[in-house]
Amino acid sequence: MKLAIMQPYLFPYAGYFSLVGQVDKFVFFDDVNFIKAGWINRNRLIISGDVRYFTVPLSGASQNIKINEVKVQPRATWERKLLTSIEHSYSKAPNFRQAFDLVQEVLGVGDFENIGQLAKRSVRICADRIGVSTDFVESSTIYDNQHLSSADRLIDICLKEGANVYVNQPGGRSLYGADVFSAKGISLEFNDSLLKSYKQFSDNFTPGLSVLDMMMFNSFEECKSLILS
């Protein structure tokens with residue numbers, strides 16, 4: 001059984017969903033420390049012609065607080081501004097309506113208790129629409145292993161789930177050695193999928209944007225093909 005473990009990101013880039021599509025179970029690592037200037041409460045789109053961040057504002061965010069404990073500011077203070085910015089920037093995209101409706105669906109359930117809740121919802125709904133959804137679980141609700149550190153905690157989750165393959169993003173190569181996992185009977189693999197480019201407003205493709213950008217220019221079925229091919 002293949003397993004992935006990642007922090008929940010807000011409308012993450014397509015490579016995140018490439019990882020989701022490769023595993024039998026995906027663990028949201030939501031009870032680890034929040035990362036400032038990371039991807040948990042923000043991502044990038046082409047806003048007013050330039051690559052810019054869109055951000056969900058937080059209350060009391062700190063790298064000493066767990067992701068599932070960081071509060072989101074009341075939705076009324078930021079939702080309209082975010083939606084208006086996206087609409088003004090992408091309203092002429094060929095699949096604007098499907099992507100914009102998805103954003104509204106993600107946001108439209110009242111105020112969120114914490115940023116982890118919102119980020120996880122964005123991943124689940126995007127994955128479902130694209131057709132790469134898997135079995136999602138949350139580290140904060142199951143494993144009771146916060147006393148462990150680094151690779152030991154990942155291995156403990158793999159063992160408790162009965163996973164014999166742990167799939168990580170390429171950036172994890174510098175963090176964990178395969179021998180640490182193999183000693184416990186777990187194979188360490190990396191998601192080295194090369195994501196395809198697609199037509200945007202400009203002929204010069206801008207990679208690494210939120211998956212929302214891909215959805216603006218491609219049908220959900222086409223997004224799946226781009227992500228998994």
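No lab work stands behind these numbers, since they all come straight from the coordinates. Since we're looking at a predicted model, the values are computed, not measured. Glycine gets a Cβ as well: all are built from the backbone with ideal geometry, and neighbour counts include every protein chain shown.
Tabulated results
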quantity: Sparse-neighbourhood loop sites, trypsin sites (Lys or Arg not before Pro) in the stretch 87-130 - DSSP loop, at most 16 other Cβ within 10 angstrom; calculated: LYS92
quantity: Between helix 96-107 and the chain: long-axis angle, C-alpha atoms, 0 to 90°, nearest 10; calculated: 50
quantity: Candidate lysines - alpha carbon under 20 Å from LYS196, same-chain residues fewer than 8 apart omitted; calculated: LYS224
quantity: DSSP beta bridges in the chain [antiparallel fraction, %, rounded to 5]; calculated: 40
quantity: Rounded tilt (10° steps) of 115-130 against the dominant C-alpha axis of the chain; calculated: 80
quantity: At most 11 other Cβ within 10 Å, DSSP loop - trypsin sites (Lys or Arg not before Pro), the stretch 163-211; calculated: LYS199
quantity: The chain: proportion of alpha-carbon pairs further apart than 29 angstrom, %; calculated: 28
quantity: Residues ASP144 and ASP111, FRET efficiency given R0 of 30 Å [Cβ-Cβ distance, rounded to 0.05]; calculated: 0.60
